[in-house]
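Visitor: Below is one structure. I have some questions about it.
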Amino acid sequence: MDTSFRGAAKRLDDIDLPRLGAKIGVGEDELHAFIDVETRGSGFDDQGRPRILFERHKFYKYVPAAKRAAAVAAGLANKTPGGYGKESEQYPKLLKAIAIDRQAALYSCSWGLAQIMGFNHKLAGYDDVEAMVAAFMADEEAHLEAAVVFIANCNLDDELRAHNWSGFAAGYNGANYKINAYDRKLSEAFAKWSRIKDTPWPPAAPAVPVPPVTVTMPPKTDAPPVPATTPVEKRSIWQTIGDLIAVLTSKWG
């Protein structure tokens, strides 16, 4: 993988939210609330790269011991969290960390729309962090699907279905979630999206066209219509008697 971290950078489609939410029994309102709180509205920065936050205390943890001193000296590793800096500083930090140890650097960032940590790639459904990052470069749908898988694997789907915002925030953001009021923000975002019309899911099946019925008419003709039965000629009783006498006369002479 190159170090530009630029891919197709495709945004979410409207249908992605209800489709992916259905996998864990929630609607798009719950996922909208989750996205509102965990991101700033996009999984990509202004250069089309997945949004990241480089966390120096994670780099301290994951960088090999033989390289840790160099990471600390570069200001990239520290036992304590903090020192995040501006958004514009995140990729420069990542690239410097990659020069020391690529895997540890990728592990030490939170990635994309839902800010999935690199070291959580397996919980997000990826065998390795490189595969996760490559998928995140391509499409926000991959960001959200990874978040849904992560939520299910961390047993937080029950909290999301029940709208237990404090329980969900504690599980997703850690014990200090109240410092940033994640539970209140989730509740407010859900209330907002609940007032907005959802994208139908599952989508309505297309109407099946009814083939036209072709009626073949018999060809026109000038001949008079043929009656259903041939009428029987009506004869008077005297005509019948005369015919009988004629037969008898011819027989007996």
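The values are calculated or read from the model by the stated rules, or taken from the named source; none is laboratory data. Because the structure is predicted, anything quoted here is derived from the model rather than measured. Neighbour counts are summed over all protein chains in view; Cβ atoms, including those assigned to glycine, are modelled from backbone coordinates with ideal geometry. Just the protein is used for accessible areas: all its heavy atoms, side chains included, with ligands, DNA and RNA removed. Shrake-Rupley method; radii C 1.70, N 1.55, O 1.52, S 1.80 Å.
Visitor: Residues with amide H under 5 Å of TRP111's amide H, sequence separation 5 or more or different chain, H placed in the peptide plane at 1.01 Å from N; which?
Guide: Sorted by chain and number, the residues that satisfy this are ILE116, MET117, GLY118.
Visitor: Please work out, to two decimal places, the log10 of the ratio I(q)/I(0) at q = 0.12, 0.13, 0.17, 0.30 Å⁻¹ from a Debye calculation in which every Cα of segment 99-160 carries one identical scatterer.
Guide: -0.27, -0.31, -0.51, -1.30
Visitor: Something else: On the full set of protein chains, 1.4 Å probe, figure out the accessible area of SER194 and give it in Å² to the nearest 10.
Guide: About 60 Å², rounded to the nearest 10.
Visitor: Right, next: Treating only the Cβ atoms of Lys and Arg (+1) and Asp and Glu (-1) as charged, compute the dipole magnitude of segment 1-142 about its Cα centre; round to the nearest 20 debye.
Guide: Magnitude of the dipole: close to 980 debye.
Visitor: Can you return the aspartates and glutamates within cross-link range of LYS185? Criterion is Cα-Cα under 13 Å, with same-chain partners fewer than 8 residues away left out.
Guide: Within reach: GLU30, ASP36, GLU38.
Visitor: Right, next: Report the charge-dipole magnitude of segment 71-142 in Debye, nearest 20, computed about the Cα centre from +1 at each Lys and Arg Cβ and -1 at each Asp and Glu Cβ.
Guide: With only Lys, Arg, Asp and Glu charged at Cβ, the dipole is about 460 debye.
Visitor: Moving to a separate point now. Order SER110, SER88, most accessible first, counting only protein heavy atoms with a 1.4 angstrom probe.
Guide: I get SER88, SER110, largest accessible area first.
Visitor: At 1.4 Å probe size, what's the solvent-accessible area of ILE196? Round to the nearest 10 Å².
Guide: ILE196 has an accessible surface of roughly 80 Å² with all protein chains in place.
Visitor: Let me cross-check LYS79: its accessible surface, 1.4 Å probe, with only protein heavy atoms counted, in Å² to the nearest 10?
Guide: 150
Visitor: Considering the Cα trace of segment 1-68, what is its radius of gyration and what is Dmax, both in angstroms?
Guide: Cα-based Rg and Dmax for segment 1-68 come out at 16.5, 48 Å.
Visitor: Given a cut-off of under 8 Å on Cα pairs at least six residues apart, what relative contact order in percent is computed for segment 90-210?
Guide: 13
Visitor: PHE44's amide H: which non-local residues (gap 5+, or another chain) put their own amide H closer than 5 Å, with H modeled 1.01 Å from N in plane and none for Pro or chain starts?
Guide: ARG51
Visitor: Moving on. Between ALA104, GLY171, CYS154, whose Cα lies farthest towards the positive end of the dipole of segment 56-193 when Lys and Arg beta carbons carry +1 and Asp and Glu beta carbons carry -1, centred on the Cα centre?
Guide: ALA104
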